[in-house]
Amino acid sequence: MEYMFNWKNDINKNELDKVINVIKNDGLVIIPTETVYGIAANALSDEACTKIFIAKGRAQDNPLIVHVSDKNMIKRLVKNINEIEEKLIDTFMPGPFTLILEKKDCISDVASAMGDTIGIRMPSNKIIREVIKESNIPLAAPSANISGRPSGTCIDDIIEELKDRVDVIIDGGKCNIGIESTVVKVINNVPTILRPGYITEEDIKKAVGKVEISKNLFKKVNKNEKVESPGMKYRHYAPKTKCILVEKNINQIENIKKILKEYPNACIIGFKEDENTFRNNKYINIGKKEDLREIAKNIFTALRKVDKLKVDVAIIEGVEKEGLGLSIMNRLVRACENNIIS
């Protein structure tokens, strides 16, 4: 690591110039977004994008998302935008929303995993937007983590594992949202959610009237199957410790107690209301049951705490697969490698 900058309060102009210089020279920058921290590099450079894959230990067939500063930059990078796509852009960008579009040749083939499409996102976080705007370079930026591990929502979560793999780290404080963007592709004029996120099915339906959900959200995708979105194919968001997801139902507490009998050296990732029930166990509180925004914000930090507790198993309380809960459960199913008690 060459530089570590603290931009929690302000973006320092001299430091910004150094960051831009690193990007222009195909370097790697850890940078905040409103969702999670990303490892960012020049999306137009094969060399820069290759460095991202190496730093993360990421499979080369797992495409990156390209971040832009404005709508004009989108039009520089993609071939066609239809009426539905235009409405989605105008409604949800800037924000935690990624749209799969047909890419122009200027975008690195490494970034698109040799595909014809690319995920485009316009973040609302002022730090990454300013870096993109001032450099005039779109940034490929997957989540800042070693591939397969939980995403980073604050610098403390990720600095030790990544500080020797990047050129610059920018500390912008804790991310506001905490789970990655919703990824959508318009298929036959219908938006299809490839990866759920903070923008929900209901939000998209209000904007354009129709929406579908990919059949792959909760299933294992064949290793030879080509994907257009991150988060669909590989083990994701997971601690090294075995995780068991207990789906939300009337027997949720009893099911957790049964698992504890089998695995007495366990921790629980659960809701504030249930903490007293398991007061004799190692407990990670992720928020109130009905506060899905707070749960989403805390889930990756909670998963990162698990390995430090030296337990045999992490038991995770699930939420309803509705609204933002669908996105939370998508991440938890991947973290638990489909090890679910229903």
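The values are calculated or read from the model by the stated rules, or taken from the named source; none is laboratory data. Since the model is a prediction, treat every value here as computed from it, not as a measurement. Reconstructed Cβ throughout: ideal geometry from the backbone, glycine too, with neighbour counts over all protein chains shown. To get the accessible areas, we keep the full protein, side chains included, count just its heavy atoms, and leave off ligands, DNA and RNA. Shrake-Rupley method; radii C 1.70, N 1.55, O 1.52, S 1.80 Å.
Could you please state, rounded to a whole Å, how far the C-alpha centre of segment 138-182 is from the C-alpha centre of segment 79-104? Between the Cα centres of segment 138-182 and segment 79-104 lies a distance of 24 Å.
Surface analysis of the chain yields an accessible area of 43 Å² per residue, using protein heavy atoms and a 1.4 Å probe. Summarising the amide proton neighbourhood of Met122: residues at separation of 5 or more, or on other chains, whose placed amide H is nearer than 5 Å comprise Val68, Gly95, Phe97. Could you name the lysines in cross-link range of Lys71, using Cα to Cα under 23 Å and dropping any fewer than eight places away on the same chain? Cross-link targets: Lys24, Lys79, Lys87, Lys103, Lys104, Lys126, Lys133, Lys185, Lys205, Lys206.
State the antiparallel share, in %, of DSSP beta bridges confined to segment 92-206, rounding to the nearest 5.
Numbers: 10 of 13 bridges.
Percent antiparallel among DSSP bridges in segment 92-206 is about 75.
Size estimate for the chain follows the Kirkwood approach: the inverse of mean 1/r over distinct Cα pairs works out to 20.3 Å.
Take every DSSP beta bridge with both residues inside the chain and express the antiparallel ones as a percent of the total, to the nearest 5.
So the antiparallel bridges amount to about 40 percent of the total.
For the chain, the Cβ-based charge dipole about the Cα centre amounts to some 680 debye (Lys, Arg positive; Asp, Glu negative; other atoms uncharged). Sorted on the mean count of surrounding Cβ atoms within 10 Å across their residues, most packed first, peptides 30-37, 12-19 read 30-37, 12-19.
Solvent-accessible area of the chain (1.4 angstrom probe, protein heavy atoms only): carbon and sulfur portion equals 43 percent. Each DSSP beta bridge with both residues in segment 1-123 is either parallel or antiparallel, and the antiparallel ones are about 75%. Based on Cα atoms of segment 265-339, Rg over Rh with Rh as the Kirkwood radius reads 0.94. Residue by residue, segment 283-291 carries 3J(HN,Hα) couplings of 10, 10, 7, 10, x, 6, 3, 8, 8 Hz when phi is fed to the Karplus relation 6.51 cos²θ - 1.76 cosθ + 1.60 (θ = phi - 60°); x denotes Gly or Pro. Across the chain, C-alpha contacts under 8 Å between residues 6 or more apart give a mean separation that, scaled by the residue count, equals a relative contact order of 20 percent. For the pair Ala207 and Leu309, label points projected 7 Å from Cα toward Cβ lie 3.6 nm apart. Near the amide H of Glu212, within less than 5 Å, lie the amide hydrogens of Thr192, Ile193, all on another chain or at least 5 residues away, with H placed in the peptide plane. The spacing between segment 190-219 and segment 25-57, judged by their C-alpha centroids, is 27 Å. The tail of the calculated P(r) for segment 1-54, taken as Cα-Cα distances beyond 16 Å, holds 44 percent of the pairs.
The helix-only estimate of mean residue ellipticity at 222 nm for the chain, built from DSSP H runs of length n ≥ 4 each weighted as -39500 (n - 2.57), is -9000 deg cm²/dmol after division by the residue total.
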